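Values quoted throughout were computed directly from the atomic coordinates according to the rules given, and no laboratory measurement underlies them. Source: prediction; values computed, not measured. Neighbour counts are summed over all protein chains in view; Cβ atoms, including those assigned to glycine, are modelled from backbone coordinates with ideal geometry.
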Amino acid sequence: MALLFSTIEVTRQVFHRTSLSFALVNLKPIVPGHVLVCPTRPVPRLADLTADEIAALMTSVQRVGRVVERAYGADALTIACQDGKAAGQSIPHVHFHLLPRKALGDRFSGARSDDVYPALERAEGALPGELAAPESGAGHEPLRVDADENRRPRSMEEMEREAKWLATFFEAE
């Protein structure tokens, strides 16, 4: 069965799947190992999920987080969810970003730790799909497409290779 991230078919990028959730590698990772965890049912907001879906989603965030930390030699994770257009969500499908973080040698380590949040917001705007646009009187700015040329979109082959590698960590559990 094909898996959709909103209307985008992502089956080949998926490395972990349960009946109610899945995890996929990112098209334009902010740091190595930046992945997404989504509910199987494509809904735009957390409030649209059932209690069972939320429980399964958070269990997957926890499990995928442990694997990503181990696989990428991380010391911690940044876990973020932009819940709605005004929060920076550009793809109308609930998803959590998991970014493996290192105390030393991380692009965002030390005093730059909080710089990861604007980078996440820019990354959301660089995804295909509808960009968040300000609604009349909403008081927020539209997302800007990420201009970081170092973060090129990866090929399907690169993403498949990473997904297959990450899947092996679940097989070993």
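Couple of notes before you dig in:
- In region 6-54, trypsin sites (Lys or Arg not before Pro) in a DSSP loop with at most 16 other beta-carbon atoms within 10 Å: R45
- Overall form of region 1-92 per C-alpha gyration tensor (a/c, 1.5; a/b vs b/c): rounded
- Extension gain for the segment L104 to L46, taken as residue separation times 0.36 nm less the Cα-Cα distance, is 17.5 nm to one decimal.
- FRET efficiency for R70 and E157, using Cβ-Cβ distance with R0 set to 35 Å, rounded to 0.05: 0.90
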